[in-house]
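Read through the structure below, which is laid out as structure tokens, and then see the notes.
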């Protein structure tokens, strides 16, 4: 699916997503037009989904991150759909993952401090539907957080 040139383009974009198309073309040895066609092909095939700003939420005053492992009441037919619909509406929920096994859903929740987290937990998280069990894990440190792929 990807040739060596595509992989090289993706590697360079991962390492420096802010670089301009002309600068990237110069590094690779492609004209702007040829590079643009390659990038369009990668976007059209779904490999390159776009560029985004990565914001450090700690710089905005969020000091607490809690991972909530949630087991849902699976006797309810719409348990997953209803729960996820509600969780998406909580701005402090920055990630939602689903699993097979005892734990059904994991939420990453950020808060300014523990008082703020307790307010979110009591008023918003516990109000979500179909919760059978919750386990909270307080994040202490992030050892690795890298979306760079080995291309």
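Where a number appears in this text, it was derived from the coordinates with a stated rule and is not lab data. Because the structure is a prediction, the values reported are computed rather than measured. Please note: Cβ atoms are built from the backbone with ideal geometry, for glycine as well, and neighbour counts cover all protein chains shown.
Multiply the residue separation of residue 112 and residue 75 by 0.36 nm, subtract the distance between their alpha-carbon atoms, and state the gained length in nm to one decimal.
Gain on extension, residue 112 to residue 75, equals 9.8 nm.
Compute the acute angle (0 to 90°) between the alpha-carbon long axis of helix 4-15 and the principal axis of greatest extent of the alpha-carbon atoms of the chain; round to the nearest 10°.
The helix 4-15 is inclined about 50 degrees to the chain.
Label point 7 Å out from residue 95 along Cα-to-Cβ: which residues of region 135-151 have amide N under 16 Å?
Output list for this probe position: 136-149.
Evaluate 2.2 N^0.38 Å with N set to the residue count of region 57-138, then give the Cα radius of gyration divided by it. Mind showing how you got there, number by number?
Numbers: Rg = 12.5 Å, N = 82, 2.2 N^0.38 = 11.7 Å.
Compared with the compact-globule rule of thumb, region 57-138 sits at 1.07.
Once Cα Rg over 2.2 N^0.38 Å is worked out from the coordinates, which option in (i) 1.27; (ii) 1.39; (iii) 2.30 does it equal?
Read-out taken from this structure: (ii).
Test of understanding: what is the full-extension gain from residue 3 to residue 122, defined as 0.36 nm times their sequence separation minus their Cα-Cα distance?
Here the answer is 37.7 nm.
Tell me, in nm to one decimal, what length is gained between residue 132 and residue 148 on full extension, where the rule is 0.36 nm per residue of separation less the Cα-Cα distance? Write out the running numbers ahead of the final one.
Numbers: separation 16, 0.36 × 16 = 5.76 nm, distance 3.59 nm.
Taking 0.36 nm per residue and subtracting the Cα distance, the gain is 2.2 nm.
Could you tell me the relative contact order of the chain? Use alpha-carbon pairs under 8 Å, at least six residues apart, and round to a whole percent.
27 percent
Whole angstrom only: what separates the Cα centroid of region 8-25 from the Cα centroid of region 75-116?
35 Å
FRET efficiency for residue 140 and residue 59, Cβ-Cβ distance as r, R0 = 22 Å, nearest 0.05?
Numbers: r = 19 Å, r/R0 = 0.87.
My answer for the efficiency is 0.70.
Computed FRET efficiency, Cβ-Cβ of residue 44 and residue 18, R0 25 Å: what is it to the nearest 0.05?
Rounded to the nearest 0.05, the efficiency is 0.65.
Of the peptides 50-59, 101-110, 82-91, how do they stack up when ordered by the mean number of other Cβ atoms within 10 Å, highest first? Don't jump to the answer; show the numbers that get you there.
Details: 50-59: 7.7, 101-110: 17.4, 82-91: 14.5.
Averaged packing, sorted descending, gives the order 101-110, 82-91, 50-59.
What is the fewest-to-most order of 71, 115 by other Cβ atoms lying within 10 Å of their Cβ? Each step should come with its number before you reach the end.
Values: 71 17, 115 10.
Result, fewest neighbours first: 115, 71.
What is the helix-to-structure angle for 32-44, meaning the angle in degrees between its Cα long axis and the longest Cα principal axis of the chain, kept from 0 to 90 and rounded to the nearest 10?
Roughly 30 degrees, rounded to the nearest 10.
Most exposed first by the Cβ proxy, i.e. fewest other Cβ within 10 Å, how do 42, 126 rank?
Fewest-to-most Cβ neighbours within 10 Å comes out as 126, 42.
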